[in-house]
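The values are calculated or read from the model by the stated rules, or taken from the named source; none is laboratory data. Predicted model only: the values in this text are computed from it and were never measured. Note that we place each Cβ from the backbone using ideal geometry, even for glycine, and neighbour counts take in every protein chain shown.
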Amino acid sequence: MIQRKVSLLAILLLPVISLAQEVKPRLSPLALATARYKDAYLKITYSQPVKNDGEVFGSLVPYGEVWKTGDNEATEMTITRDILVNGLPLKAGTYSVFTIPNKDTWTIIFNADLGLWGSYNYNMKTDVLRFDCPVQSVAGMVYKPFTIAIDQKNEKAEISLLWDKTKVSFNVQFNEPKP
């Protein structure tokens with residue numbers, strides 16, 4: 001009788017154990033880019049798609065369309081204090097980060113909707129901040145994984161979006177804490 005119950009239990013648990021073994025790592029792993037200045041903290045959470053063959057921008061990522069700025073979930077940026085982004089004020093909080101790539105300029109978008117999968121449910125009406133940035137070519141290097149890099153110097157930082165031979169950068173300035 002006990003052996004029969006154990007056998008039945010094993011049969012019932014077999015599909016659960018099989019499913020647990022099927023979990024595979026994401027093709028576009030999660031990545032973080034962070035910066036800190038005094039008591040202010042900035043964190044960008046994104047997925048890193050990897051360039052295979054062919055062109056990325058204008059092909060895999062079409063020109064003139066809203067892009068989730070990475071892969072899988074929309075990229076999100078959290079800031080703990082108000083900052084300036086390209087000279088424009090952005091209040092502390094968490095925002096989805098979308099972009100509209102074009103050949104010579106990109107539109108950078110900070111949007112209030114969170115937890116979005118890709119850019120399928122992007123709603124322009126919830127944009128908090130948008131501005132354009134010039135596209136730069138990366139000389140002598142190819143970024144296979146999409147990368148967000150932060151180059152910080154004290155209260156100022158440059159955030160760069162890098163993929164393939166393309167670089168798009170914008171500035172961030174942390175505000176001095178009020179005494």
- Message: Can you list residue pairs whose Cβ atoms sit under 7 Å apart, with the first residue in region 81-104 being modelled with pLDDT of 95 or more and the second being of a type in the set (Lys, Arg)? Count only pairs 6 or more apart in sequence or on different chains.
- Response: Asp82/Lys91; Ala92/Arg81; Phe98/Lys68
- Considering every residue within region 126-142, establish whether at least one is modelled with pLDDT of 95 or more and outside any strand (DSSP E or B). yes
- Hits in region 42-52 (condition: in a strand (DSSP E or B) and either touching an Asp or Glu at 6+ places or on another chain (Cβ under 7 Å) or farther than 25 Å from Val172 by Cα (or both)): Thr45, Ser47, Val50
- Hey, among Ser137, Ser160, which residue is among the small types (Gly, Ala, Ser) and surrounded by 13 or more Cβ atoms within 10 Å (Cβ to Cβ)? Ser160
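Could you tell me whether region 53-73 includes any residue that is under 22 Å from Asn175 (Cα atoms) and in contact with a Ser or Thr (Cβ under 7 Å, 6 or more places away or on another chain)? Show your work before the answer.
Narrowing region 53-73 to residues under 22 Å from Asn175 (Cα atoms): none.
Within region 53-73, none of the residues are under 22 Å from Asn175 (Cα atoms) and in contact with a Ser or Thr (Cβ under 7 Å, 6 or more places away or on another chain).
Table: residues versus (1) exposed (fewer than 11 other Cβ atoms within 10 Å of the Cβ); (2) farther than 17 Å from Thr99 by Cα; (3) in contact with a His (Cβ under 6 Å, 6 or more places away or on another chain); (4) at pLDDT below 95.
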| residue | (1), (2), (3), (4) |
| --- | --- |
| Gln21 | yes, yes, no, yes |
| Ser28 | no, yes, no, yes |
| Val50 | no, yes, no, yes |
| Gly58 | no, no, no, yes |
- Item | Residues satisfying the stated conditions in region 143-179, i.e. under 18 Å from Ser59 (Cα atoms) and part of a strand (DSSP E or B) | Tyr143, Lys144, Pro145, Phe146, Leu161, Leu162, Trp163, Asp164, Thr166, Lys167, Val168
- Message: Looking at region 105-120 only, could you name the residues that are closer than 20 Å to Ser28 by Cβ and assigned to a loop (DSSP other than H, G, I, E, B)?
- Response: Leu114, Gly115, Leu116, Gly118, Ser119, Tyr120
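In this structure, does Thr75 turn out to be surrounded by fewer than 21 Cβ atoms within 10 Å (Cβ to Cβ), at pLDDT 95 or above and not small (Gly, Ala, Ser)? If you could, list the steps in order and put the result at the bottom.
Working: surrounded by fewer than 21 Cβ atoms within 10 Å (Cβ to Cβ): no; at pLDDT 95 or above: yes; not small (Gly, Ala, Ser): yes.
Judged against the criteria, Thr75 is not a match.
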